[in-house]
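FYI, it's all coordinate maths here, none of it is from the lab. No experiment lies behind these values; they were computed from the predicted model shown. As a convention, Cβ positions derive from the backbone with ideal geometry for all residues, glycine included, and neighbour counts pool all protein chains shown.
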Amino acid sequence: MRRVEVHIKAPFGEIVVEGETPQDVLSLLEAFPKDFVENISSLVASKLVPSAAAQLKGIIEFTTEGPVLIAPRDKLTHYEAIGLILYASDGRQNT
């Protein structure tokens, strides 16, 4: 007998549920907690987000004195420069 497969697209990828009969698949789906997809989505998102240092590589250099802007002046407005420095500050201490 063929197996029954259900593919559920989620924000983080795809969930595959399979069983011998459609009733097996339904019972498996009913057994999922109500916030199952949200919990997995937030867990996956937290694991995939790169650190601030990795995101700002080539724009901000992190020193013992704090973050230093290394991007060329003509590439950023003064508002963007201030925002980047504040974002890169450890513990947001410069606010």
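Answer with a single label: of (i) 10.0; (ii) 14.6; (iii) 6.5, which was calculated as mean projected area of the Cα convex hull in nm² from the structure in view?
Only one listed value fits the structure, namely (i).
Under a Cβ-only charge scheme (Lys and Arg +1, Asp and Glu -1), can you give me the dipole magnitude of the chain about the Cα centre, in debye to the nearest 20?
Dipole of the chain, to the nearest 20 debye: 280 debye.
For the range 1-75, run through the GluC sites (Glu not before Pro) and keep only the ones in DSSP coil with at most 13 other Cβ atoms within 10 Å of their Cβ.
GLU20, GLU65
Around GLY19, under 14 Å between beta carbons, what's the net of Lys plus Arg minus Asp minus Glu among the other residues?
After counting each charged neighbour, the total is -3.
Exposed loop sites here are trypsin sites (Lys or Arg not before Pro) in DSSP loop states with at most 16 other C-beta atoms within 10 Å. What is the longest stretch of the chain lacking them?
58-95
Helix 36-48 sits at what angle to the longest principal axis of the chain, using alpha carbons and giving 0 to 90 degrees rounded to 10?
Around 40 degrees separate the two axes.
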